[in-house]
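Single-structure report; data block below.
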Amino acid sequence: MEQDLLRLGASALRKAAINEQAKEYILSNEILFKTIKKAADRYIGGETLEETISKVKEQNKEGFKSSIEFMGENTLTEKEALEATNEFIKIAQEIKTQKLNSTFSLDLSHIGLSISKDLCLNNLNSICQEAEKDNIEVTISAENVEITDAILDIYKTASKKYQNTSITLQAYLHRSKDDFEELIKENGRIRIVKGAFETPPHLSIPRSPLLNERYLYYVDQLLSRNHSCAIATHHDLIQKEAVALIQNYKTSKDLYEFESLYGIQNEQLRILKEQGHPAKLYFVYGKEWYLYLCNRIAEYPLNIFQALNDIVS
């Protein structure tokens, strides 16, 4: 009964995450925005790049690599897409100027994919060109399954031109087994995540031992084929199994990294780092934190009580 309720809550939160009307209402209501943001603060770098850089520097001193993402998706005008593009260019410049041990990530729909593939690719070219000057990795994030084909097409095009691009693969999608065989032909790092977006049941595997097995299948394939990867998970059992695979294949440390989202079970990542494994903390910033917060709580719905405590504290 309890597990059924948790699954129901997770599904509701993922649906809420993609509710544009709810997001716009929260963003336009100052009191509601400030109230709910208290819960989001646990998981985000801040509203500005400057706030986030301060946290990144602290974690770099602790020995953690970082990734930075300016939150946002589904921009509907070329002006908004250009503004987002310029912000990612600024991130690349700040990583270089401030000598941060960091990469950065982006949603293609944030830089114009919802408008046109050509616009998106042109904006991605501008970002990758800036990042390439200092060999900064640019990771393309996962989004809704409806645009997966377009995301992978753009990545394949960009990766042939820029060696500093990488891609995110969602283990829960059935289609990912075929996508994987195409993506491993490219040189870019493959970042494996379980997958957080609501999909029709026939398109994905629900959270289950089967999904854990599928996730580890991709990790095994990447390590055994000496392809660079990011093991992006907070699941302690998966992390332990991945360590065993790394030891079995005697994988070089420059080919893999463990990644966790800032604010979620970071002690596990610290232990991995202390064991000598490359460890990365994933920071997001900006005002578009609504979707991000819903998805973080959806991963473990009992965190709603932590969110309520953060709001009233």
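Miscellaneous remarks
- Residues of segment 181-207 satisfying the condition of being at pLDDT 95 or above and small (Gly, Ala, Ser): Gly188, Ser204
- The selection criterion, being assigned to a helix (DSSP H, G or I), within 30 Å of Thr157 (Cβ to Cβ) and not aliphatic (A, V, I, L, M), does not hold for Phe104.
- Any hit, segment 161-172, residues being modelled with pLDDT of 95 or more, within 14 Å of Leu124 (Cβ to Cβ) and among the aliphatic types (A, V, I, L, M): yes
- Check on Leu203, in contact with a Cys (Cβ under 6 Å, 6 or more places away or on another chain), more than 22 Å from Ile95 (Cα to Cα) and assigned by TED's automatic domain parsing to the domain that holds Glu50: no
The values are calculated or read from the model by the stated rules, or taken from the named source; none is laboratory data. Every value quoted in this text rests on a predicted model; they were computed, and no experiment measured them. Here Cβ is always computed from backbone atoms with ideal geometry, including for glycine, and neighbour counts include all displayed protein chains.
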